[in-house]
Structures are given as structure tokens and as C-alpha cells.
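Notes follow the structure.
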Amino acid sequence: MKIIKLSKAAIGQAAEILKNSGVVVGPSDTVYGIFCDAINKKAVEKIFKIKKRPKSKPLAVFVKDIGQAKKLAFINDKQEEFLRKNTPGKITLILKKKPSCGLSDAVGGEGTIGIRIIKNKLINKLLIKIKKPLAQTSANISGQPATTKIGEVLKQFKNQKIKPDLIIDAGDLPQSRPSKIIDLSTQKMIILKR
């Protein structure tokens, strides 16, 4: 497990790790997150092992824009309007997943997918560099609280048998909660988590 400070060089190293089935921990617009190439089943599997996360809890994805979101999910005019008005932002939107999107059920789940478009330089630069969506979740062991504190992130992963390949240390992030989850996959909008 390599730990480096957030920098231009860190972004390059993270991109190489992601292209080679690796898992990276770094800051998001809310809490510290753990992410990998969403198309790479081996990397996705590694996130579940690192976090000790049950397979019944699929991962969401970071995408760079609505265009990339449309490759993964069915998005009608009304949903697109909602995306344009509310993203980038601190929300995860549940949409119907396209069967042809190349993602396993571990990313998104059966028939649906959680999508986030965020305002974060690190994530957006990585999305541009690897040209793929990033499977993501909060950087903590399953059942433990998500955190904005780098010390807590390091402590949680230090004694794990399977560790992230890289941790990008951006210091303590501003106090925040994980993203709000809004289900747009049915006719009626449902807020699942505030």
C-alpha cells in the first residue's frame, strides 16, 4: 500500500494503477472514497475484499458527464433534465442499467446503477485519463462510518490483509456526509438516503 500526497504526479500514478487492475483511495467531493476501473471485474472484486463488503451491496460509479452516463444507463428527457439541473453535485442517482454497458452486477446491481457526476479535480482528471467509469464507494471497512479524516482512512486499512494499491493523502477534507441517493429508476422519484 503506497501513500502519496495529492499532486499532479499522484494523479499520473493513480491513473496507471487504475489501468492495471488496481484500487485507489482518494478524496471526493464528500468523504474519502475507494475506486477502480468499473469495467475491470478483477479490480471491482478487490474493492469488495478490501472493504469486506457483502456482494448484496453493489457499487456506484463516477462518470465525467451525462454523455458517459448515457452509455451505462437508460436516461429519458425528464431524467436528463434532472441531471442537467442537479449535477455535478453531492448526489447519487439510481437509473435503469443498460444490459450492454459491460458492467457486472457487482457494479450497480441487477437492472439498476448508481451514477455520480461530481465536482472534484482528482476524480475528473482520472476519468479523462482512463476513459472509463470508476466503480466507487466510501473508503472504510464495511459497517464502519465513512470519513473525511485521512488518519482514520489509514488506520482502517493499515492492518488489512488485502489493501488498496494507492492512498492519495489530501489531508482532512471539509466536514461532509456521503452523497444523497435519489432513485430515478421508476416513474416516481424516491429519496433513499439524505
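Here the chain is treated with +1 on each Lys and Arg Cβ and -1 on each Asp and Glu Cβ, and its dipole about the Cα centre works out to around 180 debye.
Separation of region 161-184 from region 1-21 is 16 Å, based on Cα centroids.
In the chain, the DSSP beta bridges split such that about 60 percent are antiparallel, to the nearest 5.
Once the Cβ-Cβ distance of Lys57 and Ile3 is raised to the sixth power relative to R0 = 35 Å, the FRET efficiency obtained is 0.85.
Highest mean first, the peptides 50-57, 119-126 sorted by other C-beta atoms within 10 Å per residue fall in the order 119-126, 50-57. Ranked by how many other Cβ atoms sit within 10 Å of their own Cβ, fewest first, the residues Lys132, Lys188, Lys97, Lys49 fall in the order Lys188, Lys49, Lys132, Lys97. The simple Förster model, with R0 at 45 Å and r as the Cβ-Cβ distance, assigns Asn159 and Thr186 a FRET efficiency of 0.60. Here Cys101, Cys36 are placed in order of increasing Cβ neighbour count within 10 Å, fewest first, which gives Cys101, Cys36. A cut-off under 9 angstrom between Cβ atoms defines the neighbours of Ile141, and their net charge, with Lys, Arg +1 and Asp, Glu -1, is +3. Structural size metrics of region 65-194, computed from C-alpha coordinates, are Rg and Dmax of 15.8, 47 Å. Taking amide hydrogens as placed 1.01 Å from N in the peptide plane, the amide H of Ile3 sits under 5 Å from those of Ile167, each at least 5 positions away in sequence or on another chain.
We did not get these values from a lab; they are worked out from the coordinates using the rules stated. The shown structure was predicted, so the numbers you read here are calculated from the model rather than taken from an experiment. Every residue, glycine among them, receives a Cβ derived from its backbone with ideal geometry; neighbour counts consider all protein chains shown.
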